[in-house]
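The values are calculated or read from the model by the stated rules, or taken from the named source; none is laboratory data. The shown structure was predicted, so the numbers you read here are calculated from the model rather than taken from an experiment. Every residue, glycine among them, receives a Cβ derived from its backbone with ideal geometry; neighbour counts consider all protein chains shown. Accessible surface areas use protein heavy atoms only, side chains included; no ligands, DNA or RNA. Shrake-Rupley method; radii C 1.70, N 1.55, O 1.52, S 1.80 Å.
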Amino acid sequence: MANRDAAAFKVSLAAPALYRCQRITDYDPSTASHRLGQLQERKDSQGQITRRDIATLLHDGHTGLARAKAHKLMQEDRTGDLLEVLEMCVGVVLEHMDGLDA
């Protein structure tokens, strides 16, 4: 009985992930650019908080932790730049799709 409960639990954990995958395939292309923009804004606001944390850590003398956070922040900034480029590319593709529909 315990194995059956464990299997059911694993399936219940995997079900939301499967549902999300189905929703991604059903995406309306016009919302993709908007969602990328929202994600970029969220990353930017998290970056501002991290920058303040780094300043506080440096002020308190925790240079090792500040350096680690700064390294991670630089990686996240590069990811944000890529999201911006992707958002622009999606916009261009959507414009061309609208031109084909006309």
Which of 68, 83, 97 sits closest to the plus end of the dipole of segment 43-102, meaning its Cα is farthest towards the positive end, when Lys and Arg get +1 and Asp and Glu get -1 on the C-beta?
-> 68
Could you look at segment 61-102 and say what percent of its accessible area is carbon and sulfur, using a 1.4 Å probe and all protein chains?
-> 63 percent
Express in nm, to one decimal, how much length is gained between residue 98 and residue 48 on full extension, taking 0.36 nm for each residue of separation and deducting their alpha carbon distance.
-> 14.3 nm
Excluding residue 53 itself, calculate the net charge of residues whose Cβ lies under 12 Å from the Cβ of residue 53, where each Lys or Arg counts +1 and each Asp or Glu counts -1.
-> +3
Stretched fully, the stretch from residue 60 through residue 82 gains (0.36 nm per residue minus C-alpha distance, one decimal, in nm) 4.6 nm
In whole percent, the Cα-Cα distances of segment 26-102 spread across 10 Å bins from 0 upward as 18, 35, 22, 15, 8, 2, 0
Cβ-placed point charges (K, R +1; D, E -1), dipole of segment 41-83 about Cα centre in debye, nearest 20 = 100 debye
